[in-house]
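The values are calculated or read from the model by the stated rules, or taken from the named source; none is laboratory data. Remember, predicted model here, so these are calculated numbers, not experimental data. All Cβ positions, glycine included, derive from the backbone under ideal geometry; neighbour counts span all protein chains shown.
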Amino acid sequence: MNDHPLAQYRLLLYYKGDISALTMFAQQADGNVCFPHKLPALSSPLEEDYCYTSKVALHPSVLLNNINQQLNLDNEMLSLEAGFCEYVDTPGGIVSILLARFNVLDPPRKLLSSRACQLKTLPELRGRTPAEMELLRRAYVKVMES
């Protein structure tokens, strides 16, 4: 298991239009939808009602700040989606998946393109690993219900 404090956390980044409800997820150049790193091979989402508590918990804002720095984004560009935390069983242990929304009126396509990322709709992301597809499905349900 990686000892780095952020190793057991990932973020899914999404954009949702306030008027159109267009929902898109950020994808890195390598196709990965988890930030900052992809999930390891053999990862599997745990049941949706699974509850996990670790001995040491990282405040989600630390992860958000890390992503802002990695992508060179303004601190107000992303906000965490309350009530979304999924868990994935990986060979290195349980990983917590959080969700963050782009706080902008229009999709930040050019901005993400300059960071070797892009925004894609759920159908455009077909073909991702089964673990990623299940996480994206759960995130989409959460976004549509909020």
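Residues considered: PHE102, PHE84. Of these, the only one that is touching a residue at least 24 places away in the same chain (Cβ under 8 Å) and touching a Pro at 6+ places or on another chain (Cβ under 8 Å) is PHE102.
Just checking, does the range 65-78 include any residue being touching a Ser or Thr at 6+ places or on another chain (Cβ under 8 Å), touching a residue at least 12 places away in the same chain (Cβ under 8 Å) and closer than 14 Å to TYR14 by Cα? Checking the range 65-78: not a single residue is touching a Ser or Thr at 6+ places or on another chain (Cβ under 8 Å), touching a residue at least 12 places away in the same chain (Cβ under 8 Å) and closer than 14 Å to TYR14 by Cα. Could you tell me which residue of the range 59-117 is surrounded by the most Cβ atoms within 10 Å (Cβ to Cβ), considering only residues that are of a type in the set (Lys, Arg) and in a helix (DSSP H, G or I)? That would be ARG109. Among the residues of the range 15-74, the one identified as basic (Lys, Arg) and modelled with pLDDT under 90 is LYS55.
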